[in-house]
């Protein structure tokens, strides 16, 4: 990647935030709060909306895989604008109730755009940032996911009072404004993938261990992501309002976690911050097994939400420091693909387990076990990285 001019940190970071806001926060995660309204308006049944979510996830996997496989150099800014434009078009397209094929096409397309942006922003923004500022830049960039998710959830109730068509159009226009802002602000960057033979092999062992731990953390996140609100509202009998309060804290943590953890990573290092973050997240996942008081569950939501979304940028930043810049799209693309598949599989598995057993404790217990394995894998990654660094220092000496 070329860096002939000084890296414009603020412009790049804010452009990254807006790209993730549109491609992931609104176009992907903003769909979930609309599912009840789609069912109520008889556009789709809840089960039908689930399959539309599956189409979006399939598109996300396709987008990440496509960019990972791409081998020709290309300018990053036009690619980012194209993906944001596709996500905007997909959001506007969903304003029309023209049946399964129409809706499925746009949900698939928005997933592809989101998958490309997830990998591309790591290469075009995080990978180009000076090492001393990489945490700050990646934290702001990946905060776009949580910001878009929280923004959509907060904005949805007043928008829905004007109907589904108005809601989709309003979200689409917001995405369009964000795309125009990126067109004006984003600095030029050129992504130069490595030759096919070099990128086609497996990543170094330390990166493979990191990816395995990152993927298992998806399994640890699913109980809070899908079941914590239900656990509070129904499992503990506290009602919908208490469950919604927990969901709001989880969303707030997802929005604020990446920039805060990015600052920590700049000071203490990405891998160390990721390891400590996963310990905190593991404790948060385990908390509902022994703590049922509402303040304690709010702390649990804050711990899990902040690290689960922050771990995305921490993992990307860690890989950026372990491999040559040209390998980053391939290795981060692999991590993104495996994480997506693991999270989808975990969501399906946990839903089946809960349907069969009705046990929230089982779900949080499995999540805790997954986070324990994650922490062990990150520890092994750190030991390998330290060994490699010692070997490099010895060869220089």
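The values are calculated or read from the model by the stated rules, or taken from the named source; none is laboratory data. Bear in mind that the values here come from a model prediction, so they are computed numbers and not experimental data. With ideal geometry, Cβ positions are generated from the backbone for all residues, glycine too; neighbour counts draw on all protein chains shown.
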Check: For the stretch 313-334, which residues satisfy the criterion of being more than 19 Å from residue 134 (Cα to Cα) and either modelled with pLDDT of 95 or more or out of contact with any helix residue (DSSP H, G or I) (no Cβ under 8 Å at 6 or more places or on another chain) (or both)?
Finding: none
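Mind telling me which of the residues 19, 64, 49, 55 ends up being outside the structural domain of residue 325 (by TED's automatic domain parsing) and free of Cβ contacts under 8 Å to residues at least 40 places away in the same chain?
Within the list 19, 64, 49, 55, the selection yields 49.
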Checklist line | 3 or more residues in the same structural domain as residue 35 (by TED's automatic domain parsing), within 22 Å of the chain's Cα centre (by Cα) and closer than 28 Å to residue 37 by Cα: qualifying helices (runs of 4 or more DSSP H) within the stretch 154-265 | finding: 164-185
Note to self: Can you find a residue that is under 21 Å from the mean Cα position of the chain (by Cα) and in a helix (DSSP H, G or I) anywhere in the stretch 285-294?
What the structure shows: yes
Next item on the list: Quickly run through the stretch 342-364 and pick out the residues that are in contact (Cβ under 8 Å) with a residue 24 or more places away in the chain and either surrounded by 15 or more Cβ atoms within 10 Å (Cβ to Cβ) or not assigned by TED's automatic domain parsing to the domain that holds residue 231 (or both).
Entry: 342, 343, 344, 346, 347, 350, 351, 354, 360, 363, 364
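Quick grid of which residues meet (1) touching a helix residue (DSSP H, G or I) at 6+ places or on another chain (Cβ under 8 Å); (2) in a loop (DSSP other than H, G, I, E, B); (3) within 19 Å of residue 255 (Cα to Cα):
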residue: 13; (1), (2), (3): yes, no, yes
residue: 16; (1), (2), (3): yes, no, yes
residue: 21; (1), (2), (3): yes, no, yes
residue: 25; (1), (2), (3): yes, no, yes
residue: 30; (1), (2), (3): yes, no, yes
residue: 34; (1), (2), (3): yes, no, no
residue: 39; (1), (2), (3): yes, no, no
residue: 44; (1), (2), (3): yes, yes, no
residue: 47; (1), (2), (3): no, no, no
Item checked: Candidates 133, 122 - the one that is surrounded by fewer than 18 Cβ atoms within 10 Å (Cβ to Cβ) and touching a residue at least 24 places away in the same chain (Cβ under 8 Å) -> 133
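Can you say whether residue 248 is within 20 Å of residue 144 (Cα to Cα) and surrounded by fewer than 23 Cβ atoms within 10 Å (Cβ to Cβ), as far as the supplied structure shows? If you could, list the steps in order and put the result at the bottom.
Details: within 20 Å of residue 144 (Cα to Cα): yes; surrounded by fewer than 23 Cβ atoms within 10 Å (Cβ to Cβ): yes.
Criteria met by residue 248.
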Notebook entry, point to check: Just checking, which of 90, 95 is more than 21 Å from residue 188 (Cα to Cα), in the same structural domain as residue 32 (by TED's automatic domain parsing), outside any helix (DSSP H, G or I) and at pLDDT 90 or above?
Noted result: 95
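With farther than 26 Å from residue 238 by Cα and in contact (Cβ under 8 Å) with a residue 40 or more places away in the chain as the only criterion, which of 284, 269, 257, 277 stands out?
Values: 284 fails: farther than 26 Å from residue 238 by Cα; 269 fails: in contact (Cβ under 8 Å) with a residue 40 or more places away in the chain; 277 fails: in contact (Cβ under 8 Å) with a residue 40 or more places away in the chain.
The unique qualifying residue is 257.
So is residue 207 in contact (Cβ under 8 Å) with a residue 12 or more places away in the chain and either surrounded by fewer than 22 Cβ atoms within 10 Å (Cβ to Cβ) or more than 19 Å from residue 291 (Cβ to Cβ) (or both) or not?
Judged against the criteria, residue 207 is a match.
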